[in-house]
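Read through the structure below, which is laid out as structure tokens, and then see the notes.
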Amino acid sequence: MSKKLLIVILFLLISIVGNIYFVTNSPKVKSPSTDLGSLTNHYPYLSKRVLAEIPNDYLINFLELRKALRLQTEEYKNTFAFYFEYLPTGSSIGVHEKAEFPAASLLKVPVVMAYYHQKERLKQEGDSTVKIRSDQIDNTFGTLWKKGPGATVSLDEMARLAIIESDNTAARVLTDNIDIKDFEAIYEGLDIELKEGDAGVILTAKNYSSILKALFFSSVITREHSQHILEMMTRTIFNDKLPAGVPGDVKVAHKIGVLGENLFMDCGIVYPVRRQYMLCMISATDEDVARERMVRMSKTTYDFVSTK
């Protein structure tokens with residue numbers, strides 16, 4: 001055996017021994033399944049698909065629910081719109097789901113999304129304070145207006161009030177402090193064709209689902225901010241419609257909308273374990289009738305999804 005060949009063999013042996021030592025003595029990397037538990041706990045309101053692939057209940061057959069909902073809503077005619085989507089599979093049910101209505105306060109969700117998009121774009125980690133201007137005062141919804149012009153408020157708090165209390169003054173202050181490019185970035189990431197009507201932006205029960213899914217799948221802003229907005233939506237103070245149809249221990253991330261005395265909306269994501277679904281309901285009636293309809297439809301939907 002030549003000296004040169006002997007050196008090559010010794011080098012290979014040293015490399016093999018070194019690799020074995022490295023593999024057996026290097027720190028163990030946690031498996032995806034181990035990390036998934038902590039990720040799920042950290043992001044409970046996001047789709048588990050954005051964290052890792054985990055088992056879901058892939059229900060496909062919604063024929064029974066479809067018949068029940070259409071039968072129950074038949075008497076409502078065109079004064080009621082309903083859109084349901086089962087998030088693990090994308091199966092959906094609609095009743096007048098493409099009927100157009102003024103978006104009203106439902107638009108506060110993409111406003112808050114645009115605010116956090118701006119913070120991400122500018123790499124702002126802290127909060128900012130501004131003074132309320134007289135032209136931002138709106139006493140039709142919320143209580144912030146009572147502070148009056150000149151009051152100093154934080155923009156993070158304006159986002160919170162716009163979601164949790166649907167405060168109009170907070171939404172106006174926040175809107176005036178967001179760059180147009182951030183609004184454009186949000187709407188470019190949504191499957192919505194914006195239309196303007198006499199009462200403002202027009203939406204349908206179906207296309208509002210694009211806003212909810214953008215948060216659920218964390219597709220236009222970060223996981224942290226998507227999670228934060230959905231978590232705030234679970235703490236809204238208006239829980240007598242969509243959430244009233246599900247058990248109290250089931251989380252519902254939702255946003256209400258009100259226009260005058262004859263248009264009420266409630267759209268959100270319901271979180272039964274592994275069976276999350278979206279529900280958006282719009283009732284062109286007085287509030288008592290809207291409440292009765294929405295609670296009934298919400299309960300019918302939950303009872304089906306949770307027991308199949």
Legend entry - FRET efficiency for residue 63 and residue 250, using Cβ-Cβ distance with R0 set to 22 Å, rounded to 0.05: 0.40
Legend entry - Residue order, fewest to most beta carbons within 10 Å, for 267, 280: 267, 280
Inset, instruction - With volume of the Cα convex hull per residue in Å³ defined as stated, name the option among [x] 244; [y] 196; [z] 139 computed from the structure displayed. - result: [y]
Legend entry - 218, 283 arranged by Cβ crowding within 10 Å, fewest neighbours leading: 218, 283
Inset, instruction - Count the net charge of all other residues whose Cβ sits under 12 Å from the Cβ of residue 163, scoring Lys and Arg as +1 and Asp and Glu as -1. - result: -1
Inset, instruction - Go ahead and run the numbers for FRET between residue 199 and residue 122, Cβ-Cβ distance against an R0 of 45 Å, rounding to 0.05. - result: 0.85
Inset, instruction - Could you list 63, 190 in order of exposure, starting from the residue whose Cβ has the fewest other Cβ atoms within 10 Å? - result: 63, 190
Inset, instruction - May I ask for the net charge around residue 118, where only other residues with Cβ less than 11 Å from the Cβ of residue 118 are counted and Lys, Arg are +1 while Asp, Glu are -1? - result: +1
Legend entry - Loop GluC sites (Glu not before Pro), region 158-262 (other Cβ atoms within 10 Å of the site Cβ: 14 or fewer; DSSP): 193, 261
Inset, instruction - Calculate, in nm to one decimal, what residue 131 and residue 100 gain on full extension: separation in residues at 0.36 nm each, minus their alpha carbon distance. - result: 7.6 nm
Legend entry - region 99-152: GluC sites (Glu not before Pro) falling in loop per DSSP and having at most 11 other Cβ within 10 Å: 125
Inset, instruction - Rounded to the nearest 10 degrees, what's the angle between the helix 63-73 long axis and the longest principal axis of the chain, both from Cα atoms, 0 to 90? - result: 20 degrees
Legend entry - Rounded tilt (10° steps) of 3-25 against the dominant C-alpha axis of the chain: 40 degrees
Inset, instruction - Compute the longest continuous run of the chain that contains no exposed chymotrypsin sites (Phe, Trp or Tyr not before Pro); treat a site as exposed when its DSSP state is not H, G, I, E or B and it has at most 15 other Cβ atoms within 10 Å. - result: 59-216
Legend entry - residue 70-residue 41 pseudo-label distance in nm [points 7 Å out on the Cα-to-Cβ vector]: 4.5 nm
Inset, instruction - Starting from region 188-245, pick out the trypsin sites (Lys or Arg not before Pro) whose DSSP state is loop and whose Cβ has at most 14 other Cβ atoms within 10 Å. - result: 235
Inset, instruction - Excluding residues on the same chain fewer than 8 positions from residue 251, give the lysines whose Cα lies under 23 Å from its Cα. - result: 48, 108, 206, 213, 241, 299, 308
Inset, instruction - For residue 240, put the label point 7 Å out on the Cα→Cβ axis and report which residues of region 152-174 keep their amide N under 19 Å from it. - result: 164-168
Inset, instruction - Please give, to one decimal in nm, the separation of the simple spin-label points placed at residue 180 and residue 77, each 7 Å out from Cα toward the Cβ. - result: 4.3 nm
Legend entry - Neighbourhood net charge (12 Å Cβ-Cβ; Lys/Arg +1, Asp/Glu -1) for residue 143: -1
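Read-outs throughout are calculated quantities, based only on the coordinates presented, and are distinct from any laboratory measurement. What you see is a predicted model, and the numbers here were worked out from it, not measured in a lab. Don't worry about glycine lacking a Cβ; one is built from the backbone with ideal geometry, like all the others, and counts go over all protein chains shown.
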